[in-house]
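A short write-up of the structure that comes next.
The values are calculated or read from the model by the stated rules, or taken from the named source; none is laboratory data. Predicted, not measured: the structure shown is a model, and the values here were computed from it. All Cβ positions, glycine included, derive from the backbone under ideal geometry; neighbour counts span all protein chains shown. The area values use the complete protein model at the heavy-atom level, side chains included, leaving out ligands, DNA and RNA. Shrake-Rupley method; radii C 1.70, N 1.55, O 1.52, S 1.80 Å.
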Amino acid sequence: MAFLLSVHLLALVCFTLFRAVLFCTVDYTFPTDIAGDCLLQSVAFVRGLWFDNVIACYILLLPLVMFWVAGWFDYTAKWLYRAAAVFFILFYSLSFVISAANIPYFAYFFKTINSSIFNWFGYAGTTAGMIFGETSYYFPIALGLAVIFAFGWAVTRMSRGFYRLSEQKEKCKCLKIGGVRFLIGAVLVGLCLFGIRGRRGYNPIKVSQAYYCKDPFLNQLGVNPVFNLLTSTLDDRRKENKVLTLMPEEEAVENVRRYLDRTGINGISPIAREVKADGAHSNKNVVVILMESMSARLMGAFGHTGNLTPFLDSIYSRSLSFRNFWSSGIHTNHGMYSSLYSFPAVMKRNAMKGSVIPVYSGLPTVLKSHGYRTLFFMTHESQYDNMNAFFRTNGFDEIYAQENYPADKAVNGFGVQDDFLFSYALSVLNRKAQEGRPFFSVLLTISNHPPYIIPPTFHPHSGKTEEQIVEYADASIRDFMAEAARQPWFDETLFVFLGDHGKLVGTPECESPESYNHIPLMIYGKGIEPRVLDDFGGQVDLAPTLLGLLNISYVQNNFGVDLLREKRPCMFFTADNLIGARDSSRLYIYMPGSGQELRYRLENGSLRAADADSVFHVLKCYAFSMLQCAEYMVGHRLTTDGNIRLPGRP
């Protein structure tokens with residue numbers, strides 16, 4: 001038993017090492033009131049040991065039972081120690097791989113690693129290219145390998161040493177009694193099972209036990225990455241979590257009808273409406289540049305002092321710009337789905353995936369029905385995130401992807417760089433413009449996503465790679481727009497610039513860093529009056545706002561509003577395992593997995609924890625209603641405008 005206890009303690013030391021490395025390496029600045037409070041910060045490590053012990057007890061249980069049964073019969077053998085050593089090395093190696101991966105994952109997402117990583121498993125080549133192509137990942141990879149080798153060496157040595165001791169050491173007389181050995185083993189197994197449960201009380205330990213203060217980093221630091229990955233995966237598999245359940249569907253639908261002032265259309269959906277434009281519609285082309293990880297917080301127009309986006313800042317002042325615009329989720333598939341089809345992202349779910357391709361009406365289908373040629377340009381393979389099948393099913397005529405580009409232009413697993421994407425797209429758009437039909441084109445950039453590849457010909461002024469790549473992304477858009485301005489179709493085109501989602505910028509102010517969902521939206525073109533709107537909006541509002549500018553009549557069956565004619569009281573969004581709702585002075589956060597609610601009030605430009613009040617309840621009801629109604633609509637396949645026949649529907 002001493003051998004098992006030694007391995008157990010060694011594993012806890014290794015888990016603590018990974019936590020300490022995360023603590024020291026993450027780019028986070030504590031608020032001044034806790035920056036020097038070592039006692040408060042140490043609590044996260046104590047709670048971390050609590051969670052680490054849960055995982056260690058899971059791994060310990062089988063070897064403990066084996067040694068218990070062997071001890072009951074007073075049996076010992078070299079193979080028993082060897083088998084236990086191999087078992088420990090295998091399972092702890094996997095645990096340490098997850099712990100090492102959590103370091104860059106947390107640094108990027110400000111979240112403990114969770115089941116969303118399995119969305120990457122279908123793209124082994126791309127994922128491997130991202131991991132090994134990003135130099136900042138080398139340290140956690142090296143750390144993980146070093147800990148695995150050191151742990152394996154130590155466990156192997158311990159198994160040999162403790163086996164020799166078991167052969168040489170005289171047993172206590174009382175231990176020669178089989179009943180005593182059985183009783184001691186039973187107590188140890190019971191303690192191990194209690195360690196797995198983690199606590200007394202009705203429920204076993206949950207992630208919420210790690211939350212002990214107001215600091216979002218310390219609250220998450222104590223969560224063991226293996227524990228979080230395991231529990232989030234199990235949560236995904238539970239029947240009740242297959243569909244988000246926040247409130248009764250009927251109540252949610254009625255609330256949304258009231259919020260959006262919709263009466264519904266029989267045969268389509270309870271929130272559908274007919275939008276009638278006055279006069280003839282515009283035939284202007286539309287080019288949407290969906291910018292990878294472009295948080296509003298990266299732009300000078302929103303307060304960044306690094307001058308990373310001089311071109312986008314100049315466009316911001318010359319466009320119809322939106323100051324309080326929010327992404328639906330924190331992944332690219334969420335941004336594409338919501339921006340083009342005006343349905344909200346629901347947690348970490350990828351709505352574009354599935355063997356049976358879901359069918360939606362949205363911006364590409366409406367424009368296509370009005371004579372537009374619809375095109376989508378991406379840097380990587382078209383099968384990524386099921387984009388080729390989903391977009392071809394839902395309104396796009398042509399898809400341009402890595403398969404269309406020269407092989408030598410691909411720089412990593414995500415394909416070509418932004419400058420090549422823009423150059424290639426420009427040549428295609430020139431050809432399409434000569435056909436005499438308006439075109440709708442989406443260009444999905446990639447540069448501001450690890451691994452960061454900066455061309456040797458580009459010379460940024462920042463010394464940080466994470467900022468240099470933003471400079472490059474901005475310069476690529478600048479060059480594209482300069483070349484597009486020379487084309488005859490330029491004055492007849494609306495250019496739309498928005499982020500697919502944001503990224504972590506600066507110090508996180510809460511459990512859901514606002515820089516992840518706060519994104520820019522600029523609509524630029526001849527005839528567009530430059531102005532900045534402070535009203536709240538989100539990616540679901542892009543399509544109806546653009547269609548309003550184009551003066552197009554259509555049947556709308558989605559959750560968007562025309563931001564130039566309608567107003568939202570607040571905006572809602574999700575961030576993997578969180579739901580958020582934001583107005584001008586408050587932020588409400590809800591965690592469906594644990595039922596935990598967090599409330600913040602904006603004071604002097606900073607978020608401060610706040611008590612519940614009626615306004616927070618309004619935010620909660622607004623977000624819950626929108627998401628629950630979306631679940632109802634998708635579940636009942638009420639996702640088209642009635643002009644598209646869905647399989648299985650008359």
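Structure notes:
- Annotation note: of R157, R164, the sole residue that is farther than 28 Å from C510 by Cα, at pLDDT 90 or above and among the basic types (K, R) is R157.
- Residues of segment 99-122 satisfying the condition of being more than 15 Å from the chain's Cα centre (by Cα), part of a helix (DSSP H, G or I) and surrounded by fewer than 22 Cβ atoms within 10 Å (Cβ to Cβ): A101
- Just so you know, in segment 407-442 the residues that are among the charged types (D, E, K, R) and closer than 20 Å to F497 by Cα include one that is surrounded by the most Cβ atoms within 10 Å (Cβ to Cβ), and it is D418.
- Of the residues making up segment 215-242, those that are open to solvent by 70 Å² or more (accessible area, probe 1.4 Å) and at pLDDT below 90 are L234, R237, R238, K239, E240, N241, K242.
- Taken over segment 537-563, the residue count meeting the criterion of being assigned to a loop (DSSP other than H, G, I, E, B), aliphatic (A, V, I, L, M) and under 30 Å from S614 (Cβ atoms) is 2.
- Matching residues, segment 172-198, being modelled with pLDDT of 85 or more and in contact with a helix residue (DSSP H, G or I) (Cβ under 7 Å, 6 or more places away or on another chain): L188, V189, C192, G195, I196, G198
- Residues of segment 484-501 classified as of a type in the set (D, E, K, R) and closer than 15 Å to Y524 by Cβ, total: 2
- Yes/no for L40 being part of a helix (DSSP H, G or I) and touching a His at 6+ places or on another chain (Cβ under 6 Å): no
- Of the residues L587, L549, L627, L598, the single one that is at negative phi, crowded, with 17+ Cβ neighbours inside 10 Å and over 22 Å from the mean Cα position of the chain (by Cα) is L549.
- Test: F45 is over 29 Å from the mean Cα position of the chain (by Cα) and either open to solvent by 50 Å² or more (accessible area, probe 1.4 Å) or modelled with pLDDT of 95 or more (or both): no
- Residues satisfying the criterion are present in segment 608-617 (criterion: assigned to a strand (DSSP E or B), over 17 Å from Y259 (Cβ atoms) and more than 23 Å from the chain's Cα centre (by Cα)).
- Unique residue being in a helix (DSSP H, G or I) and farther than 24 Å from S232 by Cα when the list is Y58, Y92, Y75, Y81: Y81
- Only listed residue being closer than 26 Å to H380 by Cα and of a type outside the set (S, T, N, Q), chosen from H501, H461: H501
- Residues satisfying the stated conditions in segment 608-626, i.e. hydrophobic (A, V, I, L, M, F, W, C) and in contact with a helix residue (DSSP H, G or I) (Cβ under 8 Å, 6 or more places away or on another chain): A610, C621, F624, M626
- Taken together, the criteria place D534 among residues that are part of a strand (DSSP E or B) and either in contact with an Asp or Glu (Cβ under 9 Å, 6 or more places away or on another chain) or surrounded by fewer than 21 Cβ atoms within 10 Å (Cβ to Cβ) (or both).
Table: residues versus (1) free of Cβ contacts under 8 Å to residues at least 60 places away in the same chain; (2) small (G, A, S).
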| position | (1), (2) |
| --- | --- |
| C192 | no, no |
| P204 | yes, no |
| L218 | no, no |
| G222 | no, yes |
| N228 | no, no |
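- Out of A124, A101, sole residue that is over 18 Å from D52 (Cβ atoms) and not hydroxyl-bearing (S, T, Y): A124
- Subset of segment 456-466 that is open to solvent by 40 Å² or more (accessible area, probe 1.4 Å) and free of Cβ contacts under 8 Å to residues at least 60 places away in the same chain - its residue that is nearest to the chain's Cα centre (by Cα): E466
- Residue selected from segment 258-279 under the condition β-branched (V, I, T) and surrounded by 19 or more Cβ atoms within 10 Å (Cβ to Cβ), by the criterion farthest from the chain's Cα centre (by Cα): I268
- Pairs, first of a type in the set (K, R) in segment 526-544, second in a helix (DSSP H, G or I), C-beta under 7 Å, six or more apart: K526/D491
- All positions within segment 456-514 that are of a type in the set (F, W, Y) and outside any loop (DSSP other than H, G, I, E, B): Y472, F480, F490, F495, F497
- Answer from I469, I446, I477, I453 - the residue that is open to solvent by 30 Å² or more (accessible area, probe 1.4 Å) and among the hydrophobic types (A, V, I, L, M, F, W, C): I453
- Taking the criterion of being open to solvent by 10 Å² or more (accessible area, probe 1.4 Å) and aliphatic (A, V, I, L, M), the only residue of segment 299-332 that qualifies is A301.
- Failed condition for V540, given (1) out of contact with any Phe, Trp or Tyr (no Cβ under 6 Å at 6 or more places or on another chain); (2) crowded, with 19+ Cβ neighbours inside 10 Å; (3) hydrophobic (A, V, I, L, M, F, W, C): (1)
- Residues of segment 352-366 that turn out to be under 19 Å from M626 (Cβ atoms) and surrounded by fewer than 24 Cβ atoms within 10 Å (Cβ to Cβ), as a count: 1
- The test for being among the charged types (D, E, K, R), in contact (Cβ under 8 Å) with a residue 24 or more places away in the chain, surrounded by fewer than 22 Cβ atoms within 10 Å (Cβ to Cβ) and touching a Ser or Thr at 6+ places or on another chain (Cβ under 7 Å) holds for D397.
- Within segment 63-75, the set of residues being in contact (Cβ under 8 Å) with a residue 24 or more places away in the chain and surrounded by 15 or more Cβ atoms within 10 Å (Cβ to Cβ) comprises P63, L64, F67, W68, G71, W72.
- Condition met for I519 (over 16 Å from F311 (Cβ atoms) and in a loop (DSSP other than H, G, I, E, B)): no
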